[in-house]
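The values are calculated or read from the model by the stated rules, or taken from the named source; none is laboratory data. Given the structure is predicted, the values throughout are model-derived calculations rather than measurements. We place every Cβ from the backbone using ideal geometry, glycine too, and count neighbours over all the protein chains shown.
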Amino acid sequence: MIEVPLHEVAHGRAGDKGNRLNISIIPYHADAMPSLAGQLTESRVLEKFRHRGATAVRRYDLPRLSAFNFVIDDVLEGGVNTALNLDGHGKTLSFFLLSMSVCVDRAFLVPGSAWARGDGC
């Protein structure tokens, strides 16, 4: 096992509706789902976004797509029409979540990843 940023083993997509943000996390390897499920908890994601005013997070597991969908409430400072922030749509926030550290089996790393030589969890 090795600790890496989530973006080393998954990619993400974001969308928004009003002051609510959806972030989908899609592991590169479907077999990483169980390991990530134990680490990408609603409470951990809420803590990651709390500084932006997030009040609730719901995680929806999508096993047939090998993905997770997170719905984060009150994180967009009012949404695109009322926020003064540069990313009122929240599109860049998927990468903010992808910066979260996770412990995974080295087999889930992209071949040639610089992280493959790192220390274990």
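When Leu36 is tested against the conditions (1) within 14 Å of Ile23 (Cα to Cα); (2) at pLDDT 95 or above, the lone failure is (1). Selection within segment 98-115: residues that are exposed (fewer than 14 other Cβ atoms within 10 Å of the Cβ) and small (Gly, Ala, Ser). The member of this set that is farthest from the chain's Cα centre (by Cα) is Gly112. Please specify each residue of segment 44-60 satisfying the condition of being of a type in the set (Lys, Arg), in contact with a helix residue (DSSP H, G or I) (Cβ under 9 Å, 6 or more places away or on another chain) and part of a helix (DSSP H, G or I). Within segment 44-60, Lys48, Arg52 qualify. Taken as a whole, segment 46-57 holds no residue that is closer than 28 Å to Ala114 by Cα, in contact (Cβ under 8 Å) with a residue 24 or more places away in the chain and surrounded by fewer than 17 Cβ atoms within 10 Å (Cβ to Cβ). Of the residues making up segment 21-43, those that are in contact (Cβ under 8 Å) with a residue 24 or more places away in the chain, of a type outside the set (D, E, K, R) and part of a helix (DSSP H, G or I) number 6. Checking each residue in segment 61-85 for being modelled with pLDDT of 90 or more and outside any strand (DSSP E or B) picks out Pro63, Arg64, Leu65, Ser66.
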